[in-house]
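Read through the structure below, which is laid out as structure tokens, and then see the notes.
Coordinate-derived values only; no laboratory data. Keep in mind the model is a prediction, meaning the values are calculated, not measured. Please note: Cβ atoms are built from the backbone with ideal geometry, for glycine as well, and neighbour counts cover all protein chains shown.
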Amino acid sequence: QPTAAPLASLAREEQEAFLAAKREEYAALQAEGLTLDLTRGKPSSAQLDLSDALLHLPTTTKDRSGADVRNYGGLEGLTELREIFADLLGVEVAQVVCGGNSSLTMMHDTLVHLLLHGAPESPRPWKDEPVVKFVCPVPGYDRHFTMLADLGIEMVTVDMREDGPDAEAVAALVADDPSIKGMWIVPTYANPTGSVCSQEVAARLMSMPTAAPDFRVFWDNAYAFHHLTEEEAKSADALSLASASGHPDRPVMFASTSKITFAGAGVAVLATSVANKTWFLRHRAMASIGPDKINHLRHVEFFGSPDGVLEHMRRHREIIAPKFAAVDEALTTALGGLGIATWTRPTGGYFVNLDVLDGTATRVVRLAKEAGIALTPAGSAFPHGRDPHDRNIRLAPTFPGLAEVRTAMAGVATCVALAAAEQLVG
Ligand code: PLP
């Protein structure tokens, strides 16, 4: 039976008894023959249903200016949608591009343009540098890391803290190394830690001197409006902070409606200095004659206003907040006080960050798999999938139903306790 005393402090026989109990619990779990999946941060069908009205929109084929949205053109996206996102993201309309359905694609395009052509102020295209490196706060988003690895960009890690990346560590790295050309950050309700970057940390990142003259911050605000409580965090004001400190072209902000409307058919947004935007569109014009403006118009009609987006997000919250509460409850009930795991209680975003006893994350994920519970592979929140402590597990509770989240998390807690007991008893 679980005990409130730390497992490591128990006498040897008590630890052995705990291990035996967990082995039994695990055997019972396996006998249940579950098939549950907590791997990816996907909206559930109930969340997707919230946006079904989109399937019957738009009601017209003309945008506000009278242009036919069915035709080519309008590379920077529909002005009325850009206005909504400018307001929500706290930037100027002139700084915003609305694109296709994926912000990840816009990040990839931006990186590829930097590699092939360089930024306007780059001494040469990044591909002609002997080495290009990015600073990556960890734990972080696996797709950022796999994208960098795929493009041959090296990764240097810094710790992600409650108020954002360790800005002093970043500042020290970028000050003298001109091969460090950029960094990634998920500023609001970070994937997977749920951290919210403070205005102070953002100010440091935007103002710090960098050896590279063309340093870029990929400000991936994927979860800017994805609040889980009534206390709605406000994102730091990256673009204003950057221009106030003399580096207007440093940040490139990304967002999307993937987890607002449809993950497969939303709208992605990029916001950056007008100079950067002009540069981005110049290269984009070689690849597109214009985005899907029917989808843009559909989103404008569906939301109506920036407030419409925020109202819509509250309906998401009603569906997913109970799932996050269920994760916390299951972990607290089974593991509270044992000293073998810590986890986040995020106030927004899509993930819970679970840190288990050092050296046991891989074992926990394997045990869960063998009991029919799919978890994100251990280490995936680190570059090249290598968690130096083998302790980090990302939990994504939005997709399964509430009852399934409860069952899955009780099972995960059993696996965490079993792996810890195995390690302690040896
Ligand atoms: N950025 C972060 C931090 C994410 O967690 C995700 C999805 O999980 C994305 C971007 C993907 O965004 P999009 O669907 O707009 O490509």
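Key figures for this structure:
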{"read-out": "P(r) weight above 38 Å for the chain, C-alpha pairs, percent", "value": "26"}
{"read-out": "C-alpha center-to-center spacing [segment 244-271, segment 127-206] in angstrom", "value": "17"}
{"read-out": "Rounded to 5, the percent of DSSP beta bridges in the chain classed as antiparallel", "value": "50"}
{"read-out": "Descending principal axes extents, segment 11-165, alpha-carbon based, whole Å", "value": "77, 51, 28"}
{"read-out": "Pairwise FRET efficiency - Ala321 versus Ala11, Cβ, R0 = 35 Å, nearest 0.05", "value": "0.30"}
{"read-out": "Which listed pairs, of Lys22/Lys369; Lys42/Lys234; Lys133/Lys277, have C-alpha distances above 20 Å, in listed order", "value": "Lys42/Lys234; Lys133/Lys277"}
{"read-out": "FRET efficiency, 1/(1 + (r/R0)^6) with R0 25 Å, evaluated for Ala374 and Leu281 via beta carbons", "value": "0.05"}
{"read-out": "Considering only segment 63-304, percent of DSSP beta bridges that pair antiparallel, nearest 5", "value": "35"}
{"read-out": "Inverse mean reciprocal Cα-Cα distance (Kirkwood Rh) of segment 320-426, Å", "value": "13.7"}
{"read-out": "Calculated P(r) tail over 26 Å for segment 150-302, as whole % of Cα pairs", "value": "32"}
